Amino acid sequence: MSEPAFDTIVAPATPVGLSALAMVRIDGPGSTSILTELTRSGLPAVRNATLVELPEIDQCVVVRYAAPHSFTGNDLVELTLHGNPVLVEQVIAACVAHGARIAEPGEFTERAVLNGKLDLVQAESIADLINARTALQAKLSLSNLEGVLSRKATAVRQTLLEVIARLEAALDFSEEGYEFIARDEVRERLNEAQREIAAMAETYRRGHATATGLNAVILGRPNAGKSTLLNRLVGTDRAIVTPIPGTTRDIVRETIEIGGLPVTLADTAGLRATANVVEGIGVERARAAARSADLIIYLVDATVGLTAADQAELDSLDGDVLLVFTKADLTHVNAELSISAVIDHGIDELLRVLDHRVRKQFVASEGALVNERQHAAVLECWGALAAAQQALATALDEQMVLVDLYRAANSLGLLVGAITRDDILSEIFGKFCIGK
Ligand SMILES: Nc1nc2c(ncn2[C@@H]2O[C@H](COP(=O)(O)OP(=O)(O)OP(=O)(O)O)[C@@H](O)[C@H]2O)c(=O)[nH]1
Ligand SMILES: [Mg+2]
């Protein structure tokens, strides 16, 4: 990669709105001269919070970082103004008048990657950290920002590069009859690498679920008490509750935290055959939501009991279904899980069971793969390692093995961004907010 040439960019780093403080960032070769233009005075010492006047705009605290010791690796200036969008706008306009350009979304982080301050996985985890909705999501994003996943990938890549180097040497000096690495050792090292890569690939399901949150659907026959449960779980009268069967038609969604993850609960239309067109569409939507749900809570009205119709619905559902009997205040229920919205019975136990399920099935551990790009790179590596093993077992020529090993090492390089491609970069950083 050639040395990138940077221009000077500026952007607000905090959301637009009234607040105590607002930050503006200026990055690039012109940032310090712009600062002196803005303050019309000398430069403050680097990495020192300094109170300065921006004549006719505001008083602010400035911290100046000198390349390469900054977040981006460039000269970087952070101005902390009073939190009024009018002031922010004025400062940005002044920066633009002095030659800065408004930054693209994610451009500061992109610069950090281009300058080798962060790798791609770390850059992605900054976006994940900013978007985290629960403390657990934030904790896992932070682990990848701190390099847990990158270190795992880099360690395997190092192993592969070492095997490659020794195989190359063996090819170069094959005439002399030296053996730089025995085939058995190659096989063993690749087995080990493949095991590690397979373990990494396996983290994706949980990593992705943890990063994006879960979908839970509340199903059941009409009047089972689905909307009542949703309202109880979210703590507001979100969905309409009436004694009329077939009240809910559109799906009503609300997100709450369960097991450390954001879980979007979907209250659905009661499942039954109906001649009513609107209700029929609602029932279809309920079934579609069930097909894509991570968790299904199926409610049965205890005063009615589990009917053949319920059983037919349950049989048609994939995956684990949590069966819960409702209206336990009206009748004696002999089941593992029963609730009553009226006497507030069983809700805590239901939440405990859900919490346990989420942690057991979906919560990732640190260093998990969290997005499709990372998963694809790891799968590509696994495929290349499998091909290398195949070549090792059948081909006479080490060259064939090397082709696959280079592919395996490159895919891990691509994962962490040791090899960057512009299209990948813009794909990733386009999803950032301005000023990051
Ligand atoms: N006694 C008692 N009544 C309940 C309980 N839960 C719900 N109900 C009543 O049962 C009726 C139906 O409740 P909903 O929550 O609207 O049922 P639903 O499953 O959403 O019904 P549809 O939207 O028509 O499919 C309402 O009159 C509720 O007040 C409960 O635990 N105990
Ligand atoms: Mg309802």
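The values are calculated or read from the model by the stated rules, or taken from the named source; none is laboratory data. What you see is a predicted model; the values in this text were computed from it and never measured. Ideal geometry is used to build each Cβ from the backbone, glycine not excepted, and the neighbour counts take in all protein chains shown. Ligands, DNA and RNA are stripped out before the accessible areas are found, and what is left, the full protein with its side chains, is counted by its heavy atoms. Shrake-Rupley method; radii C 1.70, N 1.55, O 1.52, S 1.80 Å.
Counting Lys and Arg as +1 and Asp and Glu as -1 over every other residue whose Cβ lies under 14 Å from the Cβ of T154, the net charge comes to -1.
Overall, the accessible surface of the chain at a probe of 1.4 angstrom is composed of carbon and sulfur to the extent of 53 percent.
Rg over Rh for the range 1-129 works out to 0.96, both radii taken from alpha-carbon positions and Rh defined as the Kirkwood radius. For K139, the solvent-accessible surface computed with a 1.4 Å probe is close to 110 Å², ligands and nucleic acids excluded. For the chain, the residue among G319, V278, Q137 whose Cα projects farthest onto the positive side of the dipole built from Cβ charges is V278. Each DSSP beta bridge with both residues in the chain is either parallel or antiparallel, and the antiparallel ones are about 60%. Taken over the range 214-361, the percentage of Cα pairs per 10 Å bin, counting from 0 up to the bin with the maximum distance, is 12, 46, 37, 6, 0.
Ordered by 1.4 Å accessible area with all protein chains kept, H356, H332, H345, H375 run largest first as H332, H356, H345, H375. Taking the longest Cα principal axis of the chain as reference, the axis of helix 85-97 is set at about 30 degrees. Divide the volume of the convex hull around the Cα atoms of the range 12-80 by the residue count and you get 86 Å³ per residue. Here the Kirkwood formula, the inverse mean of 1/r across different C-alpha pairs, assigns the range 147-218 a hydrodynamic radius of 14.9 Å. Computed over the chain, the per-residue total of -39500 (n - 2.57) for DSSP H runs of n ≥ 4 gives a 222 nm mean residue ellipticity of -15500 deg cm²/dmol, rounded to 500. Apply the a/c threshold of 1.5 to the C-alpha gyration tensor of the range 307-359 and tell me whether it is rounded, prolate or oblate. The shape class here is oblate.
Per residue, the convex hull spanned by the Cα atoms of the range 251-320 measures out at 110 cubic angstrom.
The rule of thumb for compact globular proteins, 2.2 N^0.38 Å, goes into the C-alpha radius of gyration of the range 94-139 1.49 times.
Our Cα-only numbers for the chain put the radius of gyration and Dmax at 28.8, 89 Å.
The local environment of S19, defined by Cβ-Cβ distances under 15 Å, has a net charge of -2 under the rule Lys, Arg +1 and Asp, Glu -1. Relative to the longest principal axis of the Cα atoms of the chain, helix 135-145 runs at roughly 30 degrees. Computed about the Cα centre, the dipole magnitude for the range 9-119 is approximately 220 debye when only Lys and Arg (+1) and Asp and Glu (-1) carry charge, each at its Cβ. Computed with a 1.4 Å probe on the full set of protein chains, the accessible area for L330 sits at about 120 Å². Comparing mean-square fluctuations of D27, D318, D294 from a GNM of the chain with C-alpha springs under 10 Å, the top value falls on D318.
Highest mobility in the GNM of the chain, judged by mean-square fluctuation with C-alpha springs under 10 Å and restricted to V24, V283, V304, is found for V304.
Rounded to the nearest 20, the size of the Cβ-charge dipole of the chain about its Cα centre is 1160 debye, with Lys and Arg at +1 and Asp and Glu at -1.
Which value, in debye to the nearest 20, describes the size of the charge dipole of the range 345-386 about its Cα centre when Lys and Arg Cβ atoms bear +1, Asp and Glu Cβ atoms bear -1, and nothing else is charged? Before the final figure, lay out each step's value.
Numbers: 5 positive and 6 negative charges, 14 e Å.
For this selection, approximately 60 debye.
In the chain, the longest principal axis of the Cα atoms and the axis of helix 120-131 are about 40 degrees apart. Ordering Y298, Y204, Y406 by accessible surface, largest first, gives Y406, Y204, Y298; the 1.4 Å probe counts only protein heavy atoms, with every chain in place.
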